[in-house]
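Trainee: I'd like to ask some things about the structure below.
The values are calculated or read from the model by the stated rules, or taken from the named source; none is laboratory data. Note that the coordinates shown come from a computational prediction; the quantities given were computed from them, not determined experimentally. Cβ atoms come from the backbone with ideal geometry, glycine included; neighbour counts cover every protein chain shown.
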């Protein structure tokens, strides 16, 4: 099977974080064999927060949020993560699930 595609806007977003080297790892580094996949489940909660916040900062700004709530910007979402709010925790759970699946797909197809 082919590797999963990633659009241009998301190429700057890291997929992994190596806490020992304090290095964010990009898609292109993984598929080129320059870096190994660090599973998101291997990260501490704080290290995963760092990765999620870095991913948000590297992506375009947006307006979104849970249904029935006011729209939140990228910066609002980062504040929610840092303050450990309910929305911030939910965002992290969703991000972890998405990354877990995406990285598994890459690993299967390398």
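Trainee: May I ask you to verify whether residue 38 is outside any helix (DSSP H, G or I) and surrounded by 11 or more Cβ atoms within 10 Å (Cβ to Cβ)?
Mentor: Yes: the conditions hold for residue 38.
Trainee: Follow-up. Would you pick out the residues in segment 9-35 that are in a helix (DSSP H, G or I) and closer than 20 Å to residue 110 by Cα? I'd like the intermediate steps shown before the answer.
Mentor: Taking segment 9-35 as the starting set, the residues that turn out to be in a helix (DSSP H, G or I) are 9-10, 27-31.
If the condition is that a residue be in a helix (DSSP H, G or I) and closer than 20 Å to residue 110 by Cα, then 10, 27, 28, 29, 30, 31 are the ones that fit.
Trainee: While we're on this one: Would you check if there is a residue in segment 80-91 being under 17 Å from residue 3 (Cα atoms), free of Cβ contacts under 8 Å to residues at least 40 places away in the same chain and under 14 Å from the mean Cα position of the chain (by Cα)?
Mentor: There is no residue in segment 80-91 that is under 17 Å from residue 3 (Cα atoms), free of Cβ contacts under 8 Å to residues at least 40 places away in the same chain and under 14 Å from the mean Cα position of the chain (by Cα).
Trainee: Which members of segment 44-93 meet the condition of being at pLDDT below 95, in a loop (DSSP other than H, G, I, E, B) and within 26 Å of residue 25 (Cβ to Cβ)?
Mentor: 59, 60, 61, 62
Trainee: Output the residue which, of all residues in segment 13-26 that are within 12 Å of the chain's Cα centre (by Cα) and either touching a residue at least 40 places away in the same chain (Cβ under 8 Å) or exposed (fewer than 13 other Cβ atoms within 10 Å of the Cβ) (or both), is farthest from residue 61 (Cα to Cα).
Mentor: Applying the filter and picking the extreme gives 16.
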